[in-house]
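Written out below as structure tokens is the structure these notes cover.
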Amino acid sequence: DTGKTTAVSVSKGKGGADTDLKTEYLIDYNRAGSTLIEIVFKPQINAAHEAASMVSTLQSLLKYLGTCDGKMEEGSLRCDLNVSIAPIDTKSPPMINNDIEPIQINDDDNPFQSYLPDGVGHRVEVKNLNSLKQIIRSAEFEALRQTSLAIEGAPTGRETRTFDPKTGLTVKIRDKTGAVDYRFMPEPDLPPVILDKDILDKDTLTEFLEQLPELPEEATTRLMNTYFISEASALIITSDRPAISFYEKAVATCRKELGHGDDDDDCM
């Protein structure tokens, strides 16, 4: 179930205000009107590198489909990371300082509570991470910070933080006063899209999915089986969609020039 999505929302970017200036109030409309897509995943990731790997996979998919260029450092793709800790063995009591009365954790209004093990701490959101390295570093730091607070009997509350790449620390921005609500108000001028036979031009959704373009994972497997190349080479080729066509045309040209049949691997 790792990496399953719970919601995908599409919206338009708004103007941003620069309120740090003392004498002026500036509004930035550079990104106004840009299409924004938010993808929410279930909290079923158990390690920092696993989170980075999932974002990397999503990044490759979005680039492959032409949704965006995936350049995290330029803001085309960002990650808001939610981190919480839980006992490794939920049957054993957590190790805490017995001289301090522990604060009881009550996160019943967490919309994802049903997916989490018993004894999990409050989730902390780290905003606007713009590299895979930042995802790993912030997740590892938060795990250590929250564990330290839990041992002292004062687990962290629900809050939003930012990551400082220079220090490797997260810094609190604000408290979360209520549950995160991922429900969205529908646009009254846009009717719902019903995926019926007329829209799909197919009898079933399965038939429609079968005609969709080849995805990176499928392309990787096909290149390995067709051209007998290594997985590492196939992954490099499929990381850039036009490279697939370029590679296959290059192999076909090579075979033609050498006068070999389709089953010859001299060009690969």
Would you tally the residues in the range 62-73 being open to solvent by less than 20 Å² (accessible area, probe 1.4 Å) and either more than 17 Å from SER138 (Cβ to Cβ) or at pLDDT below 90 (or both)? 2
Expected single match for modelled with pLDDT of 85 or more and out of contact with any Gly (no Cβ under 7 Å at 6 or more places or on another chain) among SER131, SER76, SER84, SER92 is SER131
Just one of the numbered conditions (1) farther than 22 Å from PHE163 by Cα; (2) part of a loop (DSSP other than H, G, I, E, B); (3) in contact with an Asp or Glu (Cβ under 8 Å, 6 or more places away or on another chain) is not true of ASP69; which one? (3)
Can you name the residue in the range 214-239 that is open to solvent by 80 Å² or more (accessible area, probe 1.4 Å) and not aliphatic (A, V, I, L, M) and is also farthest from the chain's Cα centre (by Cα) among such residues? PHE228
Please go through the range 152-161 and give me each residue that is touching a strand residue (DSSP E or B) at 6+ places or on another chain (Cβ under 9 Å) and either of a type in the set (Lys, Arg) or open to solvent by 50 Å² or more (accessible area, probe 1.4 Å) (or both), ordered by number. ARG158, ARG161
Of the conditions (1) modelled with pLDDT of 85 or more; (2) over 23 Å from the mean Cα position of the chain (by Cα), ARG145 fails just one. Which one is it? (2)
Is there any pair linking a residue in the range 233-249 that is outside any helix (DSSP H, G or I) to one that is open to solvent by 80 Å² or more (accessible area, probe 1.4 Å), with Cβ under 8 Å and at least six apart or on different chains, and which? SER239/LYS63; ASP240/LYS63
Determine whether the range 42-57 contains at least one residue that is aliphatic (A, V, I, L, M) and either in contact with an Asp or Glu (Cβ under 6 Å, 6 or more places away or on another chain) or in a strand (DSSP E or B) (or both). yes
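The values are calculated or read from the model by the stated rules, or taken from the named source; none is laboratory data. Just so you know, these numbers come straight off a predicted model, no measurement behind them. Cβ coordinates were reconstructed from backbone atoms using ideal geometry, including for glycine residues, and neighbour counts include every protein chain displayed. When the accessible area is computed, the model is the full protein with side chains, heavy atoms only, and any ligands, DNA or RNA have been set aside. Shrake-Rupley method; radii C 1.70, N 1.55, O 1.52, S 1.80 Å.
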